[in-house]
Amino acid sequence: MLVCIPQVLDAGQLVSVRARLDRANAWVDGRVTAGYQGAPVKFNHQIDERSEVAVECQRIVVGALETNPLFISAVLPNTIYPPMFNRYGEGMKFGPHVDGSVRINPHTGSKLRTDVSATLFLTNPSEYDGGELEIEDTYGRHTVKLNAGDMVVYPATSLHQVTPITRGVRTACFFWVQSLIRDETQRAVLHQMDDAIQRLNQTNADEIARRSLIGCYHNMVRIWSET
Ligand code: NI
């Protein structure tokens, strides 16, 4: 399940993150954090994830995520990896790969299983050509290129790539989440159910039935979740 989440960052947060990244001198070769599969196909720059600018931007993004109802419903986060920031100039790309299954938090040293991958776009599509995020799943290939501030989340099991940039610069934030719900099909069912409940809550639907559905949702989370 691929979910686009609009306006994760508001205009003020976006300006704040972009200004910090634009004046940062902590940009390094993206291959420093790539595994043996990713390194040969990864051509971009990213912010040193332990730098002060990274920590400041991580705080802004995580703060926004923690209060985003659609993100919480779609991902059911257990642990969020400290968000990272990358930049692709002309000719840069990230060829087809699957993200590594386990990451080590650079601040705490704790391990995180990557259930969900996320890309939060920080530049608008008008600012660059190419640079599409292409994600393959059992329903085929999806091309994603969102407005600045918008985010896509998708199963970390997916093969994906960033196509070559042919004009301009593409800046993005990316990270992984260990979900309370490990299985992506179960996660998708819960998101669909929560969405239906939220819609029913906007109507005059029978209150006892709605309460029962909400109970079922929480009981399913209880059965399936791991912490
Ligand atoms: Ni990736």
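The values are calculated or read from the model by the stated rules, or taken from the named source; none is laboratory data. Here the structure is a predicted model, which means the values were calculated and not measured. Reconstructed Cβ throughout: ideal geometry from the backbone, glycine too, with neighbour counts over all protein chains shown.
Looking only at the range 60-93, residues that are closer than 20 Å to residue 11 by Cβ, in contact (Cβ under 8 Å) with a residue 60 or more places away in the chain, touching a Leu at 6+ places or on another chain (Cβ under 8 Å) and of a type in the set (A, V, I, L, M) come to 1 in all.
Just one of the numbered conditions (1) farther than 22 Å from residue 110 by Cβ; (2) within 16 Å of the ligand (Cβ to nearest atom); (3) not acidic (Asp, Glu) is not true of residue 176: (1).
The sole residue among 169, 177, 153 that is of a type in the set (Val, Ile, Thr), over 30 Å from residue 91 (Cβ atoms) and under 21 Å from the mean Cα position of the chain (by Cα) is 177.
Those helices (runs of 4 or more DSSP H) of the range 4-109 in which 1 or more residues are more than 16 Å from the ligand (Cβ to nearest atom), touching a strand residue (DSSP E or B) at 6+ places or on another chain (Cβ under 7 Å) and over 15 Å from residue 121 (Cα atoms) occupy 52-66, 69-75.
Matching residues to (1) touching a His at 6+ places or on another chain (Cβ under 6 Å); (2) over 14 Å from residue 74 (Cβ atoms); (3) in the same structural domain as residue 152 (by TED's automatic domain parsing); (4) not aliphatic (A, V, I, L, M):
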site: 171; (1), (2), (3), (4): no, yes, yes, yes
site: 195; (1), (2), (3), (4): no, no, no, yes
site: 201; (1), (2), (3), (4): no, yes, no, yes
site: 214; (1), (2), (3), (4): no, yes, no, no
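Scanning the range 88-130 for residues that are of a type in the set (S, T, N, Q) and more than 19 Å from residue 38 (Cα to Cα) returns 108, 110, 123, 124, 126. As a summary of the residue check, residue 158 satisfies the conditions (1) assigned by TED's automatic domain parsing to the domain that holds residue 15; (2) out of contact with any strand residue (DSSP E or B) (no Cβ under 6 Å at 6 or more places or on another chain); (3) touching a residue at least 60 places away in the same chain (Cβ under 8 Å) except for the one numbered (2).
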